[in-house]
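Report on the following structure.
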Amino acid sequence: MYLENNLNVQAAQCSLALQQEIIERRRAEEAAQAANRAKSVFLANMSHELRSPLNAILGFSQLMSRSNDLSPENRENVLAIVRNGEHLLRLIDQVLDLSKIEAGRITLNEKKFDLHQLLDDMKSMFQLTAYSKGLELSFHGEKEVPKYVHGDEVKLRQVLINLLSNALKFTTRGRVSLYVRGEEREMAPSYSLHFRISDTGCGIAESELDSIFEPFVQTPVGQEFPEGTGLGLTIARSLVHLMGGDISVSSCVGCGSTFQFYLPTCVVKTSPLNNQQAPRRVIALAPNQPQYRILLVDNHQDNRQLLVKLLSPLNFELQEARNEQESLAIWNDWKPHLIFMNLRMSVIDTIRRIRSRELQQNSSFKTKIIALSADVLEDKRSLFLSTGCDDFIRKPFQLEDIFEALHKHLGICYVCARDLALPQSNPTATNEAQVLTKDAINSLPKNLVANLRQAIIALDVESIRQFIHLISEFNPSLSQALDTLARNFQYDTLLDFI
């Protein structure tokens with residue numbers, strides 16, 4: 001009897017201890033989830049607060065870079081601001097991406113895309129960096145690699161950018177290479193793509209290979225480089241896993257590293273639609289355009305001023321509002337054709353009031369509302385669109401995003417710098433027109449033309465000069481004509497010919 005009672009007591013104690021452990025684990029799990037939610041909210045808010053001033057910094061820098069009055073030295077200074085601002089934006093986005101990945105808020109957006117074009121874009125993007133460091137950059141693929149596949153192009157692009165950026169960052173001599181091959185699969189999806197990025201850089205110690213994919217972890221060598229957060233590889237691995245693949249690394253200190261990953265996909269026979277065009281600089285409205293009234297709503301004066309400086313040369317009627325109350329009053333009296341509205345949660349009621357009053361007035365006139373927001377969370381975008389906004393543009397935006405929205409929602413047409421022909425009354429222009437022909441451009445090495453085009457689009461003045469100088473080895477007259485255009489900042493005309 002004593003033994004039985006003792007066993008019962010021990011069983012009760014064990015049961016109580018187990019229950020207590022379960023309760024403590026639940027509390028710990030709830031605390032961890034609460035901390036995770038708090039971190040996500042904090043990062044989202046910080047992202048918003050950082051992206052708003054960046055919008056003004058990058059926007060005004062873009063405006064300045066368009067000026068023909070800048071000296072070459074000042075133009076390079078402005079472009080340095082743009083480059084570093086965009087680098088800061090990438091770092092902010094990486095932190096936010098990690099937050100969304102950890103919270104399970106990243107989803108796939110799969111569609112048909114041109115894999116060959118994506119790889120060409122990657123090579124053009126990194127060719128300048130490789131060239132400036134004296135590195136060889138090579139891309140190779142098996143002939144059987146399909147041109148069109150089905151998958152998430154944006155996430156694959158981000159993985160490749162992260163891996164190639166790392167390879168170029170840690171390589172000071174030699175080469176960086178990307179190799180792609182395809183493989184049939186017995187299971188669905190029926191095909192897989194295999195990517196291998198190799199470099200001849202400093203390499204990674206074997207003891208560090210297991211930790212390099214962890215967030216905010218940098219190797220001792222990595223800490224010697226000023227740029228980076230230690231998130232690139234973490235995000236790359238997470239995105240590869242999200243797309244159903246896997247990633248691995250092998251390395252030798254002093255010899256270099258090789259990252260390999262594969263992705264399941266489907267081969268597509270037909271070409272996807274591609275409406276991308278080279279960027280064009282808007283300089284005026286097309287003739288016979290109506291007079292449009294545009295309201296600019298933003299609590300930051302700098303952001304309003306950016307839009308004023310962008311739109312006022314085109315002779316729009318503009319008014320500004322600092323808050324929701326002012327915007328509603330101006331809308332009542334002025335009836336703007338379109339509102340660019342900086343969005344925070346507090347403006348939802350204003351948008352609903354505008355839409356409600358439009359219904360009450362039973363008028364065919366409807367104001368278009370374009371949301372401008374530094375909030376990058378997808379659920380916020382959906383919320384604002386469902387509230388009554390006609391479109392959504394994230395900050396920091398490109399100036400072309402504003403012009404595109406006006407064209408899309410009001411049908412506004414523009415005169416662009418690329419639409420203007422060389423003035424034939426000018427003897428120099430006539431000379432250039434005779435030299436700048438498609439045949440002359442087509443006779444140049446394709447890589448050289450692609451690199452020059454990328455440099456012009458990026459407004460990288462030094463690289464433009466370097467590539468034009470290289471052209472002199474193949475066609476001195478063509479190089480001289482291109483150099484004349486570049487020195488006069490006629491970059492849009494340059495783009496017409498390459």
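Where a number appears in this text, it was derived from the coordinates with a stated rule and is not lab data. On a predicted model such as this, the values are computed, not experimentally measured, just so you know. Quick reminder, even Gly has a Cβ in these numbers, built from the backbone with ideal geometry, and neighbours come from all protein chains shown.
Per residue, the convex hull spanned by the Cα atoms of region 111-267 measures out at 108 cubic angstrom. Quotient of the Cα radius of gyration of region 154-193 and 2.2 N^0.38 Å, N being its number of residues: 1.58.
Which FRET efficiency, nearest 0.05, do SER207 and ASP246 yield, Cβ-Cβ r, R0 25 Å?
Numbers: r = 22 Å, r/R0 = 0.88.
For R0 = 25 Å, the calculated efficiency reads 0.70.
When the alpha-carbon atoms of region 282-418 are used, the pair Rg, Dmax equals 14.5, 45 angstrom.
With r as the distance between the Cβ atoms of LYS147 and LYS438 and R0 = 22 Å, compute the FRET efficiency 1/(1 + (r/R0)^6) and round to 0.05. The value I calculate is 0.35.
For region 318-405, the list of trypsin sites (Lys or Arg not before Pro) that fall in a loop by DSSP and count at most 15 other C-beta atoms within 10 angstrom reads ARG322, ARG344, LYS366. When the listed pairs LYS123/LYS309; LYS112/LYS143; LYS112/LYS368; LYS123/LYS368 are checked against a 29 Å cut-off, the alpha-carbon distance exceeds it for LYS123/LYS309; LYS112/LYS368; LYS123/LYS368. Of the GluC sites (Glu not before Pro) in region 162-203, the ones in a loop by DSSP (not H, G, I, E or B) with at most 16 other beta carbons within 10 Å are GLU186.
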